[in-house]
Amino acid sequence: MAKAKQKAPRKPRILITSQDLETLQTLLDHSPARTAGVDLLEGELGRAVIVGDSYSARAFCRLGDWATYEDANNGQSSRVQLVLPSEADIDQQRVSVLTPVGASLLGMTPESEIEWTDDRGRPHRLRLVEVANADVAPVA
């Protein structure tokens, strides 16, 4: 009996502001390293729906926003701020958009899920629980 082919998971629809897109395209143009995060970000930008900078019809994760997500592999929840690499600081819960987690959070809307494979070939899946504006302080 032949094994049934497993469908690749459908990626969630993502949104990005034109300002974030411009910033990230410049960042990628000057990024010499080819990592899983860079590759994931490039793919996400290529399929993103571009919205105006003042778009507010639906919450989605933008640069500077705080995101609460759940790791579907182990059930752990984390709250991080999505930032540029120069602002990244894991002790402050600031995650670079060039990491796989950061790239996957960009543009996601609450309750959507995404899967990716890291540089070591391990599969990951996360679900975005909540997005808060950059002005909202993290919960201690």
Being open to solvent by 50 Å² or more (accessible area, probe 1.4 Å), at pLDDT below 90 and part of a strand (DSSP E or B) is the filter here; which residues of the range 111-122 pass it?
115, 117
Please enumerate the residues belonging to the range 14-37 that are open to solvent by less than 20 Å² (accessible area, probe 1.4 Å) and at pLDDT below 90.
36, 37
Qualifying strands (runs of 3 or more DSSP E) (wholly inside the range 1-101; at least 3 residues being touching a residue at least 24 places away in the same chain (Cβ under 8 Å)):
15-17, 49-51, 66-71, 77-83
Is it the case that residue 82 is modelled with pLDDT of 95 or more, under 19 Å from residue 36 (Cα atoms) and within 14 Å of the chain's Cα centre (by Cα)?
yes
Please determine, by comparing only the residues of the range 61-81 that are touching a Lys or Arg at 6+ places or on another chain (Cβ under 9 Å) and of a type in the set (Gly, Ala, Ser), which one is most open to solvent (accessible area, probe 1.4 Å).
72
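The values are calculated or read from the model by the stated rules, or taken from the named source; none is laboratory data. Small disclaimer: the values here were computed from a predicted structure and weren't measured. Reconstructed Cβ throughout: ideal geometry from the backbone, glycine too, with neighbour counts over all protein chains shown. Calculation scope for accessible area: heavy atoms of the full protein, side chains included, ligands and nucleic acids excluded. Shrake-Rupley method; radii C 1.70, N 1.55, O 1.52, S 1.80 Å.
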